[in-house]
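Read through the structure below, which is laid out as structure tokens, and then see the notes.
Readers should treat all values here as calculations from the given coordinates under stated rules, not as data from a laboratory. Nothing here was measured: the structure is a model prediction, and the numbers come from that model. Note that each Cβ is placed from the backbone with ideal geometry, even for glycine, and that neighbours are counted across all protein chains shown.
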Ligand code: GUN
């Protein structure tokens, strides 16, 4: 079975659209997201374009700021400070990855936690890990919403998250644990990855390597969530971290790439922007 992220996203975005209309009418708030893109990475440009378009669809205002790859960090900091102080801006997103001369954690630390739509600042990560979430990173939250939509209850399941990034792997592991799963986190230094994944009821692939996980990695009837997104140079097509070959009839369900997790990441960005607009 395919877990259709576009379908879940469309249904969720409809709900968001009415909520946004409602707070406009009742409270006079027009949610607004500012997106910052540094450099000319083609994939990031596509993602940012998708985010801006999605804002328009549900009635969120958006602003886009582009900086050249070699931008001085002071310039970037000045823009972020300006946006922190602008009462009309509710969410700030710095598209990742950043060029190497910029320290990602330093740049994130400039964002006011009250406008941090990715949930990446120390304050928001701290609140989340303490069990008092304010905003949760968009991709893992989107994964949980797909599972909920399809009534896939992970309570009691053995879950394996492959990848340990701040933006996906770590928060994903905590969300699954909160939902009652017993979670193992695997990564590039894990010896015998198969030992873990073959024993899992649900595997979340967020390792960032094209089609790395194959049929032999999965238990029969496993749930597979593919967070990867890569462009195959020879064909121009998109693929994930999971090789779909031979999976049909073997595993229980998978989120396809494209059309799985991606649309939900963007939808949760809209959700988080609305949340910050109404919280503060
Ligand atoms: N790059 C890839 N995914 C994301 C995301 O969810 N947020 C940000 N800021 N950058 C990303």
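Just want the ordering: 63, 125, 144, 172, from fewest to most Cβ atoms lying within 10 Å of their own Cβ. Mind dumping the intermediate values first?
Numbers: 63 16, 125 23, 144 20, 172 29.
Going from sparsest to densest Cβ surroundings: 63, 144, 125, 172.
When each of 129, 110 is scored by the number of other beta-carbon atoms lying within 10 Å, the sequence from fewest to most is 129, 110. Normalised by residue count, the chain yields a Cα convex hull volume of 130 Å³ per residue. Its relative contact order, with pairs defined as Cα atoms under 8 Å and 6+ residues apart, puts the chain at 21 percent. Across the stretch 135-280, C-alpha contacts under 8 Å between residues 6 or more apart give a mean separation that, scaled by the residue count, equals a relative contact order of 24 percent.
Among 99, 42, 210, the largest mean-square fluctuation in a Gaussian network model of the chain, built with springs joining Cα atoms closer than 10 Å, belongs to 42. Within the chain, antiparallel bridges make up roughly 5 percent of the DSSP beta bridges whose residues both belong there.
Name the most mobile residue of 102, 120, 83, meaning the one with the largest mean-square fluctuation, in a Gaussian network model of the chain with Cα contacts below 10 Å. Largest GNM mean-square fluctuation: 102. For the stretch 8-30 versus the stretch 98-138, the spacing of their alpha-carbon centroids is 24 Å.
Can you tell me, using C-alpha contacts under 8 Å and at least 6 residues apart, the relative contact order of the stretch 54-138 as a whole percent?
Numbers: 70 pairs, mean separation 17.4, N = 85.
Answer for the stretch 54-138 is 20 percent.
Using a Gaussian network for the chain with springs between C-alpha atoms less than 10 Å apart, which of these wobbles most: 113, 87, 133? Most flexible of the set in this elastic network: 87.
What value, in deg cm²/dmol to 500, does the helix sum -39500 (n - 2.57) over DSSP H runs of n ≥ 4 give at 222 nm once divided by the residues of the chain? Rounded to the nearest 500, it is -12500 deg cm²/dmol.
Please say if the stretch 144-258 is rounded, prolate or oblate, where rounded means a/c under 1.5 for a ≥ b ≥ c the square roots of the C-alpha gyration tensor eigenvalues, and otherwise the choice is prolate for a/b larger than b/c and oblate otherwise?
On the way: a/c = 1.43, a/b = 1.33, b/c = 1.08.
Rounded, since a/c falls under 1.5.
In the chain, the longest principal axis of the Cα atoms and the axis of helix 42-58 are about 70 degrees apart. In terms of other Cβ atoms within 10 Å, 265, 81 run from fewest to most in the order 81, 265.
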